[in-house]
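One structure below.
The values are calculated or read from the model by the stated rules, or taken from the named source; none is laboratory data. Keep in mind that what you see is a predicted model, and the values were worked out from it rather than measured. Here the Cβ positions follow ideal geometry from the backbone for every residue, glycine too, while neighbour counts run over all protein chains shown. Surface accessibility is based on the protein's heavy atoms, side chains included, excluding ligands, DNA and RNA. Shrake-Rupley method; radii C 1.70, N 1.55, O 1.52, S 1.80 Å.
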Amino acid sequence: MRLAGHMGTFIEDYALLSNQRTAALVSKQGSVDWFCVPRFDSGSVFTAMLGGPENGRWLLAPVDGEVVSRNYLDSSFVLRTLWASDTGQVLVTDFMPMGDPASSIMRRVEGLSGTMTFEHELVMRYGYGKVPPWVRRNFDPVQGTESLVAVAGPNAAVLHAARLPKASHHTHRDTFEVRAGDVYDFEFNCYPGEAAIPAASDVGLAMTQTARIWQDWAAKIPQHESHDALVRRSLLVLKALTHRETGGIVAAPTTSLPEFFGGERNWDYRFCWLRDAAMTLQVMMTHGYEEAALRWRDWLLRAIAGDHENLQIMYGVGGERELPEKILQHLGGYGGAKPVRIGNAAVHQYQGDVVGEVMVALDDLRTMGAREDHFSWPLQKALLKYVLNNLKRKDHGLWEMRGTPQYFTHSRVMMWAALDAGVRAVTHHGQAGDPQRWERARDELREEILTKGFNQDLDSFTQTYATTEVDASLLVLAQVGFVDYADPRMLGTVAQLEKDLIDEHGYIRRYRTEASGDGLPPGEFPFLVCTCWLVEQYAHSGRLEDAKRLFAKLAAIVNDVGLIAEEFDPVSGHMAGNFPQALSHLGLIRAADAIAEAEGTRPYRARSGPH
């Protein structure tokens, strides 16, 4: 089975570029293989990651040479790749300028020593790799320069460069020599088709300004004793996946990177899951970024608006409700994994846990001293009403099962957590509400969970009320305070998880797909956030050395620029699933924080924790 994408590119070979409106992925081979414009959830113009070069890419790399090193300029998303060969060394710098109203990618090629021959190939295909634009050369009499202009319906792009590639069969190519001291700048700027052609930018100035914007934001991140680089980069990734204007937080910038190579567990993650965003906010808040939570709270109100009775688990970047799932038949998929999907049918699922994650995050925000504004508490009361109205309803669970709805234990616990947060808002923070009703429903739900969601024979909580299977989501029970980390019932659950779900390599799977009835063929790799949760559980229950050993395995997976995907195949040693994944990165942060707390080295305030 072919594991890599086109030209042997593995998921971990990619680096992320972001301007907080959209993102691009550039490979170690020097090819930008994924780029959606103008937003994270828009159509792509470079789609080679899910097909081949003919589906769009931007290659800028030596004809003969190898990557010596690759890194981000300190605390930024300005990517520097050092290429070397027997004849010379060249530094390529890639970034997306911040502060620019358009979405553009800038690339600088600098000769450091000797001479290297570089290849330049630009293949533009709109509509997810399907539609070639009309391309022409444009002369700017003011600047006295020529550029390539491409138009396809509402989309347009301009390539500004000292050397323009030449057209050949809907592709533009060039080769050129790079000598010591040479500097070649390239700017691919996307803009609305009806707008005027943007003028060329000062790439050096834009690079300096972009690096400074990222670095200024990262300057307030507290020093982490043992895992500073990993935590810092993970926080930067979460920031990079937050839309600058709307405040919406996408789960990942990609779609259809497979959870199982060659399989059909391929989903579009370029949307804003309430769950993932709420969990992201928790780690952002505990590292000093409360303003991100306030912005997201505003986004949440706009998304839900007055229709809380039809609450969705996810929305578009701007709060859009319609996210129809569609299969792109013209794309071969990453490593042949089909179908390639855009949109996500899970938007129509009922998932009972979602309000719990939102309420817990907003409770943390309140505990940290943030004031309620004129709509935030009424919004939370509406969400609690939603929980009460759906108390008896089965759901599809955290993992978005496409089988028959069940009473998932994790979902029921998160409904309990939502009600618990509502009670505390009134009793601890003086908000107006009906704590007696919420408290009664909370306590009845707790008794139900302990009776139906805990199996005495197994000495473990179970995935659903109707099965003896376990699920890694049960590790969240202690995180929200339903039971203590060291509660015998929690320790029994951990023992069962270790028995049933941990593989021979030490990673934990979400659940046994062959026994889940999740509506899909069985088979997937370990889900990395679940292993992060296990680290957290170990650290908080007196198993610090186990936590540190397992965390070291996770840290070893992170790629050369600090990024991690959704899943990992320990046999092949390659990442799987959408990339980079917000849930994995926030899980890494929580795991590192849990170890620091257990060691007594955490220099910043902890989460509100169990209540």
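Using Cβ point charges alone (K and R +1, D and E -1), the dipole size of the chain about the Cα centre works out to roughly 900 debye. I'd like the distance separating the alpha-carbon centroids of the stretch 35-111 and the stretch 443-468, in whole Å. For the stretch 35-111 versus the stretch 443-468, the Cα centre distance is 50 Å.
Ignoring lysines fewer than eight residues from K394 along the same chain, the ones with Cα atoms less than 18 angstrom from its Cα are K385, K452.
Estimated purely from DSSP H runs of n ≥ 4, each contributing -39500 (n - 2.57), the mean residue ellipticity at 222 nm for the chain is -10000 deg cm²/dmol once divided by its residues.
Round to a whole number: what % of the accessible area of the stretch 21-180 belongs to carbon and sulfur, probe 1.4 Å?
50 percent
By the rule of a C-alpha distance below 16 Å, with chain neighbours fewer than 8 residues away ignored, the lysines paired with K130 are K326.
As a calculated quantity, the FRET efficiency between D74 and S226 at R0 = 25 Å, using C-beta atoms, amounts to about 0.80. With respect to the chain, whose longest principal axis is taken over its alpha-carbon atoms, helix 582-599 is tilted by about 60°.
Among 257-264, 202-209, 416-423, sorting by the average number of other beta carbon atoms lying within 10 angstrom of each residue, highest first, gives 416-423, 257-264, 202-209. Rounded to the nearest 20, the Cβ-based charge dipole of the stretch 11-216 about its Cα centre (Lys and Arg +1, Asp and Glu -1) stands at 440 debye. Restricting the GluC sites (Glu not before Pro) of the stretch 319-388 to loop positions (DSSP other than H, G, I, E, B) with no more than 11 neighbouring Cβ atoms within 10 Å leaves E322. Taking each of K381/K548; K499/K553; K220/K381; K392/K499; K392/K548; K28/K553 in turn, the alpha-carbon distance tops 29 angstrom for K381/K548; K220/K381; K392/K499; K392/K548.
Angle, helix 354-367 long axis vs. longest principal axis of the chain, Cα atoms, 0 to 90°, nearest 10? Approximately 90 degrees, to the nearest ten. How tilted is helix 528-540 with respect to the longest principal axis of the chain? Cα atoms for both, answer in degrees (0 to 90, nearest 10). With both axes taken from Cα atoms, the answer is about 50 degrees. For K166, a cut-off of 14 angstrom between C-alpha atoms picks up these aspartates and glutamates, skipping any fewer than 8 places away in its own chain: E119, E121, E146, D174. Projected over all directions and averaged, the alpha-carbon convex hull of the chain occupies 26.8 nm². Most tightly packed first, judged by the mean number of other beta-carbon atoms within 10 Å of their residues, the peptides 88-101, 38-51, 234-247 read 38-51, 234-247, 88-101.
Please name whichever of G562, A495, A582 sits farthest to the positive end of the charge dipole of the chain, dipole taken about the Cα centre and charges placed at Cβ: Lys and Arg +1, Asp and Glu -1. Of the options given, the answer is A582. Across the stretch 11-216, the relative contact order, built from alpha-carbon pairs under 8 Å that are at least six residues apart, equals 20 percent.
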